[in-house]
1. Any chance segment 218-228 includes a residue that's assigned to a loop (DSSP other than H, G, I, E, B) and exposed (fewer than 14 other Cβ atoms within 10 Å of the Cβ)?
2. Mind listing whichever residues of segment 229-252 are part of a loop (DSSP other than H, G, I, E, B) and more than 23 Å from I206 (Cβ to Cβ)?
3. Might you let me know whether segment 115-122 holds any residue that is within 16 Å of A71 (Cβ to Cβ) and either open to solvent by 30 Å² or more (accessible area, probe 1.4 Å) or out of contact with any helix residue (DSSP H, G or I) (no Cβ under 9 Å at 6 or more places or on another chain) (or both)?
4. For segment 61-100, how many residues are in contact with a helix residue (DSSP H, G or I) (Cβ under 7 Å, 6 or more places away or on another chain), crowded, with 16+ Cβ neighbours inside 10 Å, in a loop (DSSP other than H, G, I, E, B) and at pLDDT below 90?
5. Among the numbered criteria (1) more than 24 Å from V140 (Cβ to Cβ); (2) open to solvent by less than 40 Å² (accessible area, probe 1.4 Å), which single criterion is violated by G244?
6. Looking at segment 216-259, which of its residues are modelled with pLDDT under 95 and within 25 Å of P130 (Cα to Cα)?
Amino acid sequence: MEVLPGSKSRAVGAARHINDYAESAARYVQTGQQGAANTQRAYAGDWRRFTTWCADHGRESLPADVPTAAAFITSLADAGKKVATIQRHIASLSKAHQLAGLPTPTDDRQFKTLFEGISREKGIRQNQAPAFTLAYFKRVVQSIDTDRPDGIRDRALLLLGLAGAFRRDELASLDIEHLRFDEDGLVVELPKSKTNQKGEAEEKAIFFAPDRRSCPVRAVKDWLALLHQHGQASGALFRSFHKGQRLSRRRLSTFSLNEIVQLRLGAPYTAHSLRASFVTIAKLNGADDAEVMNQTKHKTTSMIRRYTRLDNIRQHNAAQKLGL
């Protein structure tokens, strides 16, 4: 190979110039800043509301000063917004300023004191998705008509959702390739979740149940068999139907998934009730926090306590242990 005077030889595939990495680096930074898809959509909506409010009141939105941010969240509180909603708006303001490389007004001590006062006055407890009893859930699941294709799908969705303590977006994003069956049941690989944005390996174990009518492993296998009959052996696990029970290739949206849960379990319940009910039922049956967290993938025990729905006065009550 010819070498020019005063230069070093450089073979094909040699180290790239540092500037060659700029495009990839920018993409990685953007991915790191964005977060989960649902969170992105919520933040975008909250930011639009803030910029509209600023325009209506003659305030600058970026950068926003502390009095502007304080007045905005006060308006939300006065309008009757929930604490969780206000908190999410604060997070969107903070994220927008961070992405712009600007100081965020929500870090100000007086602003934090204001939000603490709003939280105390309105009450910090959020409206939570209700939990159902295991007996009720089994009655519903076992009554589903599995002579219909959507009945086979919905039974698998409900049983897998409860047994795996899945979030709604996790269920919707599952692919057939994420499932691994063995003699003990099923292992579901989660490529990404709300608390696992880096794509680190994360798995959930699903076990066989004695009663076939409420067995999540067998229910998923039944649904897969139907998919295979229609030549759909890869891609989205849960799919929609055309009119007349004709299976489509379109992945169920999180909205449609929530509608299915409400249709089958009743209006008070949501897709999140599957996850909340897993925690509550498991705790009532004696599971400790570590066991529950191994399935839910929560990072702290405080989140387990928040998810546990033990509102019934007869549930989890020490009066049963008096020995009278």
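The values are calculated or read from the model by the stated rules, or taken from the named source; none is laboratory data. Worth saying up front: this structure is predicted, and the values here are computed from it rather than measured. Note: ideal-geometry Cβ built from the backbone for every residue, glycine included; neighbour counts use all protein chains shown. Calculation scope for accessible area: heavy atoms of the full protein, side chains included, ligands and nucleic acids excluded. Shrake-Rupley method; radii C 1.70, N 1.55, O 1.52, S 1.80 Å.
1. Here is the first cut: in segment 218-228, the ones assigned to a loop (DSSP other than H, G, I, E, B) are none.
No, segment 218-228 has no match at all.
2. As a first pass, look at segment 229-252 and keep what is part of a loop (DSSP other than H, G, I, E, B): 230-235, 237-238, 243-245, 252.
Within segment 229-252, H230, G231, K243, G244, Q245 qualify.
3. Scanning segment 115-122 turns up at least one residue that is within 16 Å of A71 (Cβ to Cβ) and either open to solvent by 30 Å² or more (accessible area, probe 1.4 Å) or out of contact with any helix residue (DSSP H, G or I) (no Cβ under 9 Å at 6 or more places or on another chain) (or both).
4. 1
5. The single condition G244 does not satisfy is (2).
6. Once the filter is applied, which keeps residues that are modelled with pLDDT under 95 and within 25 Å of P130 (Cα to Cα), segment 216-259 yields L252, S253, T254, F255, S256, L257, N258, E259.
A quick yes/no check of all residues on (1) basic (K, R); (2) at pLDDT below 80; (3) within 14 Å of G161 (Cα to Cα); (4) part of a helix (DSSP H, G or I):
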{"residue": "V261", "(1), (2), (3), (4)": "no, no, yes, yes"}
{"residue": "R264", "(1), (2), (3), (4)": "yes, no, yes, yes"}
{"residue": "A287", "(1), (2), (3), (4)": "no, no, no, no"}
{"residue": "E291", "(1), (2), (3), (4)": "no, no, no, yes"}
{"residue": "H298", "(1), (2), (3), (4)": "no, yes, no, no"}
{"residue": "A319", "(1), (2), (3), (4)": "no, yes, no, yes"}
{"residue": "L324", "(1), (2), (3), (4)": "no, yes, no, no"}
